[in-house]
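Single-structure report; data block below.
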Amino acid sequence: MIVLNDLVIPSTTASTAALELASAYQSPSLQSHSHRVFVWAAAYARDHGIAYDAELLFVAAMLHDIGLVPEFDNHTFSFEDAAGHIARVFATGAGWPPARRDRLAEVIVRHMWPEVDAAADPEGHLISRAAALDIAGRNTDDFTPAFRAEVLTRHPRLDLVEEFLTCFKSQATRKPTSTPARAINSNLHTRMTTNPLDTN
């Protein structure tokens, strides 16, 4: 059985720095969402025997939505592409080699893909699945109601629905070919406002 306290933040310098960076720029709602994405991803991996790089997963979870905040909202790139570039800069400063910087950006960009192959990209698969669960309520039955309630108590949803929809609508208006535009046009509003996590 998955225990929330077992899913700890990796004790690396980069993980600590990513948490500090995300906390400095993201709202409490977005930051809590980032924590939940890490927890859902790590818990799903443990339940399904998916081997993954814990540091890479955590840093990706912390930075995957940073392209939504005003300071990093690129005027042309979709938010996940902007976040990928920001993450690559972060990873360079953290001393990661080029291939690892590219992997981090890849994982972040792929979190908006409909599906990511777990065998080819375990971290991308886990972040994509976890983000879809937390935002749109996909695959909530991956976890028991008791575990979901424990996670939501530790990392509450706060104003995520309103804030996230506002960010996506703004991006969709300014960047009509972006993934937020496609999400808004495919009725993200309904999926978010009927997410079972909000009635857990």
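Just a few scattered comments:
- Cα-projected label distance for E163 with R191, points at 7 Å along beta-carbon direction, nm: 2.1 nm
- The structure-derived value of Rg and Dmax of the Cα atoms in Å appears in the list (1) 15.6, 45; (2) 19.8, 67; (3) 16.4, 50 under the label (1).
- Protection proxy ranking, peptides 63-69, 179-185, average beta carbon neighbours within 10 Å, highest first: 63-69, 179-185
- Principal axis dimensions, largest first and in whole angstrom, of segment 9-109 by Cα: 40, 31, 23
- Helical segments meeting 15 Å axial Cα length and Kyte-Doolittle -1.0 threshold in the chain (DSSP H): 13-25, 28-48, 79-93, 98-110, 122-136, 160-174
- Sorted largest first, the principal axis extents computed over the alpha-carbon atoms of segment 126-199 equal 40, 22, 19 Å.
- Taken along its principal axes, the alpha carbon cloud of segment 86-169 reaches lengths of 40, 31, 26 Å, longest axis first.
Readers should treat all values here as calculations from the given coordinates under stated rules, not as data from a laboratory. Predicted, not measured: the structure shown is a model, and the values here were computed from it. Backbone-built Cβ (ideal geometry, glycine too); neighbour counts: all protein chains shown.
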